[in-house]
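Colleague: Before I ask anything, here is the structure I am working with.
The values are calculated or read from the model by the stated rules, or taken from the named source; none is laboratory data. For clarity, every value in this text was computed on a predicted model and none was experimentally measured. Virtual Cβ from ideal backbone geometry, glycine too; neighbours counted across all protein chains shown.
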Amino acid sequence: MIPHVLPTYNRADLAFERGEGTWAITADGTRYLDLGAGIAVNALGHANPDLVAALTEQAGKIWHVSNLYHIPQQEKLADLLVENTFADTAFITNSGTEAAELAIKMVRKYWDHKGDPDRHEILTFEGAFHGRSTGAIAASGAEKMVKGFGPLMPGFRHLPWGDMEALKAAITNRTAAVMLEPVQGEGGIRPLPDADLRLIRALCDQTGALLVLDEVQSGMGRTGKLFAHEYAGIAPDIMMVAKGIGGGFPLGAVLATEQAAAGMVAGTHGSTYGGNPLACAVGARVMEIVTQPEFLSEVNRKAGLFRQKLEGLVAAHPEVFELVRGQGLMLGLKCKVAPADLVRAGYAEQVLTVAAADNTLRLLPPLTISDAEISEAVARLDRAAGRLDV
């Protein structure tokens with residue numbers, strides 16, 4: 001018989017009752033060092049007291065009113081997003097998938113608004129992950145996501161990841177947009193070089209195409225800057241945000257310039273729950289914390305320490321690991337064994353990690369992880385790898 005919970009996940013035989021910072025704790029008190037953070041969601045750790053306070057205070061006031069009315073908490077979050085980014089405006093969503101859907105709609109509406117509705121092709125890259133909706137899977141084009149769900153939304157062309165020559169050949173003055181992740185997450189923690197991001201921005205400028213960045217996984221301080229594209233010194237026209245922005249509460253956003261959003265007038269998009277007071281109260285507190293220069297400086301310092309120790313781990317297990325890659329605390333261990341085997345070996349050592357494509361193990365700890373926890377994490381990964389050494 002089919003389970004009451006639709007069986008679309010191969011779930012581990014684990015359940016957690018509570019969390020404390022970097023630790024997820026089962027009902028019997030077993031503590032797991034969480035290097036997955038709910039897939040880069042719990043950016044400030046489990047049960048962060050600042051976020052608990054923000055949520056509790058708002059929960060005692062009002063939870064939901066809908067977007068038929070002004071929502072002060074939503075306006076505060078939008079103000080913080082605009083003040084700290086390239087954007088002129090923001091639409092608050094419940095998830096990254098919803099953000100991707102709006103980003104695609106915004107591109108198409110932009111060209112329709114300019115009187116060129118047939119200009120709708122969006123260029124994307126192999127290995128991309130933009131969510132699980134029909135539009136988002138069409139954007140990625142990966143067989144494992146699209147098989148059985150056709151016919152797919154048209155208007156996407158998929159290019160080899162990181163192939164700038166292919167992009168130069170594909171982009172024209174009929175291209176609507178280029179959409180990509182500055183650091184691929186599901187694709188295997190693959191950062192796009194800064195020079196490539198600058199070239200993509202220049203090609204978009206030359207052809208008039210919009211640049212759409214998906215920073216759902218790489219944003220909110222994950223790479224040591226508020227958003228990963230800042231390293232390249234460029235700015236997108238549209239950007240998707242989610243995961244860490246809510247610190248564990250479902251929340252996302254689409255940020256855009258005034259020009260890119262010009263077609264999105266009243267009635268062109270909506271959300272019943274998006275931008276609700278509970279989510280936005282938490283999101284505003286997250287923004288206040290992660291935008292502090294000292295916070296991002298600490299992320300970079302800890303990232304350097306973690307990476308140094310991971311390089312030693314790779315050297316100690318040459319039959320298991322190939323290399324370390326990534327940026328900030330968005331790190332990947334390229335493996336010579338199946339990453340899923342390492343994930344399972346980690347369970348035995350009470351450490352949580354996340355598998356990804358390109359034979360990569362993702363390490364996405366809370367940005368608040370301590371130096372001692374970094375050392376403990378590497379020790380547990382060392383023991384997990386030892387279980388697989390041949």
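Colleague: From the list Leu44, Leu14, exactly one residue is farther than 18 Å from Leu381 by Cα and touching a Leu at 6+ places or on another chain (Cβ under 7 Å). Which is it? Show your work before the answer.
Modeller: Numbers: Leu14 fails: touching a Leu at 6+ places or on another chain (Cβ under 7 Å).
Just one listed residue meets the conditions, Leu44.
Colleague: Name the single residue, out of those in the stretch 111-135 being assigned to a loop (DSSP other than H, G, I, E, B) and of a type in the set (Asp, Glu), that is surrounded by the fewest Cβ atoms within 10 Å (Cβ to Cβ). Full working, then the answer.
Modeller: Keep residues of the stretch 111-135 that are assigned to a loop (DSSP other than H, G, I, E, B), which gives 114-120, 126-133.
Next, only the ones that are of a type in the set (Asp, Glu) stay: 116, 118, 126.
Details: Asp116: 13, Asp118: 9, Glu126: 17.
Per the stated criteria, the residue is Asp118.
Colleague: Additional query: Looking at (1) touching a residue at least 24 places away in the same chain (Cβ under 8 Å); (2) touching a Phe, Trp or Tyr at 6+ places or on another chain (Cβ under 8 Å); (3) not in a loop (DSSP other than H, G, I, E, B), find the lone condition where Arg108 falls short.
Modeller: (2)
Here's the yes/no breakdown for (1) more than 19 Å from Ala356 (Cα to Cα); (2) at pLDDT below 95; (3) β-branched (Val, Ile, Thr):
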| residue | (1), (2), (3) |
| --- | --- |
| Val146 | no, yes, yes |
| Ala166 | yes, no, no |
| Glu181 | no, no, no |
| Gln184 | no, no, no |
| Arg190 | no, no, no |
| Gln206 | yes, no, no |
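Colleague: Would you mind stating whether Gly386 is more than 24 Å from Pro193 (Cα to Cα) and crowded, with 19+ Cβ neighbours inside 10 Å?
Modeller: Values: more than 24 Å from Pro193 (Cα to Cα): yes; crowded, with 19+ Cβ neighbours inside 10 Å: no.
When the stated conditions are applied, Gly386 does not pass them.
Colleague: Next question. Take Ala177 and tell me if it is at pLDDT 95 or above and surrounded by 21 or more Cβ atoms within 10 Å (Cβ to Cβ).
Modeller: Numbers: at pLDDT 95 or above: yes; surrounded by 21 or more Cβ atoms within 10 Å (Cβ to Cβ): yes.
It is true that Ala177 is at pLDDT 95 or above and surrounded by 21 or more Cβ atoms within 10 Å (Cβ to Cβ).
Colleague: Moving on. Could you please tell me which pairs satisfy a Cβ distance under 8 Å, a separation of 6+ or placement on different chains, a first residue in the stretch 24-52 that is in contact (Cβ under 8 Å) with a residue 24 or more places away in the chain, and a second residue that is acidic (Asp, Glu) and surrounded by fewer than 24 Cβ atoms within 10 Å (Cβ to Cβ)?
Modeller: Leu33/Glu373; Leu33/Glu376; Leu44/Asp50; Gly45/Glu20; His46/Glu20; Ala47/Glu20
Colleague: Still on this structure: Could you check the stretch 81-105 and list, in sequence order, the residues that are charged (D, E, K, R), surrounded by fewer than 24 Cβ atoms within 10 Å (Cβ to Cβ) and touching a Gly at 6+ places or on another chain (Cβ under 7 Å)?
Modeller: Within the stretch 81-105, Glu101 is the sole residue that qualifies.
Colleague: Residues of the stretch 260-286 being touching a helix residue (DSSP H, G or I) at 6+ places or on another chain (Cβ under 6 Å), closer than 20 Å to Phe249 by Cα and surrounded by fewer than 19 Cβ atoms within 10 Å (Cβ to Cβ), which ones?
Modeller: Pro277, the sole residue that qualifies.
Colleague: For the stretch 296-368, which fully contained strands (runs of 3 or more DSSP E) count at least 1 residues that are of a type in the set (A, V, I, L, M) and in contact (Cβ under 8 Å) with a residue 40 or more places away in the chain? Give the steps one after another, and end with the answer.
Modeller: Values: elements: 321-327, 330-335, 354-356, 360-363.
Correct list: 330-335, 354-356, 360-363.
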